[in-house]
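Data first, discussion second: the structure below is written as structure tokens.
The values are calculated or read from the model by the stated rules, or taken from the named source; none is laboratory data. Computed from a predicted model, the values in this text were never measured in an experiment. Every residue, glycine among them, receives a Cβ derived from its backbone with ideal geometry; neighbour counts consider all protein chains shown. Note: areas computed on protein heavy atoms with side chains; ligands, DNA, RNA excluded. Shrake-Rupley method; radii C 1.70, N 1.55, O 1.52, S 1.80 Å.
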Amino acid sequence: GSSYSLMTYSVIKTIRKSGTTLPIEVLIPTEEEAVTDADFCKLIENENAKCIYLSRIFSEDLLAKNQFKGFQYKSLALFASSFENVLLLDADDYPLKNLDTIFEHTIFKKNGLILWPDFWRRTTHPFFYESANAKIDLTKKVRNGLDAVSNLADSIKDQDSNNIPFHDFAGAIPDPSSETGQMMINKKLHWKTLLLSLYYNIYGPNVYYHLMTQYSSGQGDKETFIAAAHLLKLPYYQIFSSAS
């Protein structure tokens, strides 16, 4: 919507230039923006793309009661999309390769949820797990944080248990933090993830964004999807290297 529509059009043109033929849907959050972006929505029809409107899918009462803003729209966009398999992109996220076969990848078929890492370490507060009745085993280290090369057994042997990063313990969401500028999800497999992440986003600005990120850089919806899948014990895969 509004200024983001120009950015989105640039992304769509880049996607089509790469040879990607997959259909595209663009979320328009408000009815006011639907009017403003009428010409834009007409223009992108030539690119096998169309606008979808929150105000025409969800009830007026729901939207008014919860007053969705910014980051919260991503969760609603996934519900509003007509696709079962979705690559969710921010309006400033430019894929540089042909995407036609991405949903055929073995990792996606196995997990149904693929995320990319953010720039920062994970800072999810331990109380988040406590509030979800999720148990963290503080006696069992299962990873070396960002170090995927060193031998885990040697790391455990040489490390003081009091100095082990919290998210290296069994039951915790792994480092690094997540980023949702791009995300792949199978909605059929992860419908429970979508429901729980919507809950986290509805109450995100006042509660869950703070618990998941503790006011650190990049705070917003970005941890809600991986957290939901993790607590529901549904499969997910976070790519280790950052997107470029």
Completion exercise
ALA38 and THR14 label points (each 7 Å along its Cα→Cβ direction) are spaced in nm at 3.0 nm
Fill in the blank from the handout: Packing-ranked peptide list from 99-111, 67-79, 167-179, highest mean Cβ count within 10 angstrom first, is 167-179, 67-79, 99-111
Fill in the blank from the handout: Carbon and sulfur atoms account, in whole percent of the 1.4 Å probe accessible area of the chain, for 55 percent
Practice task
Step through the table entries LYS110/LYS233; LYS188/LYS233; LYS13/LYS97; LYS140/LYS222; LYS17/LYS69, compare each Cα-Cα distance with 21 Å, and write down the pairs that go over it.
Solution key: LYS140/LYS222; LYS17/LYS69
Practice task
Would you work out which of TRP120, PRO95, ALA228 lies farthest towards the positive end of the dipole of the chain, given +1 charges on the beta-carbon of Lys and Arg and -1 on that of Asp and Glu, about the Cα centre?
Solution key: ALA228
Fill in the blank from the handout: With +1 at each Lys and Arg Cβ and -1 at each Asp and Glu Cβ, the charge dipole magnitude of the range 1-131 around its Cα centre, to the nearest 20 debye, comes out at 480 debye
Fill in the blank from the handout: Over the range 159-231, the quotient of the Cα radius of gyration and 2.2 N^0.38 Å is 1.20
Exercise for the section: Give, rounded to the nearest 20 debye, the magnitude of the charge dipole that the chain has about its Cα centre when Lys and Arg contribute +1 at Cβ and Asp and Glu contribute -1 at Cβ. Expected result: 620 debye
Exercise for the section: Please work out which option in (1) 1.18; (2) 1.00; (3) 1.09 gives Cα Rg over 2.2 N^0.38 Å calculated from these coordinates, and answer with its label. Expected result: (3)
Handout entry: Nonlocal amide H pairs with GLY220, under 5 Å, H built at 1.01 Å
Key = none
Problem - Nearest-0.05 FRET efficiency for LYS110 and LYS65, computed from C-beta distance (R0 35 Å) - result: 0.40
Practice task
With an 8 Å cut-off on Cα pairs and a minimum separation of 6 or more residues, tell me the relative contact order of the chain in percent.
Solution key: 24 percent
Handout entry: Accessible solvent surface per residue of the chain, calculated while the other protein chains remain in place, 1.4 angstrom probe, Å²
Key = 55 Å²
Exercise for the section: Give me the percent of DSSP beta bridges within the chain that run antiparallel, rounded to the nearest 5. Expected result: 65 percent
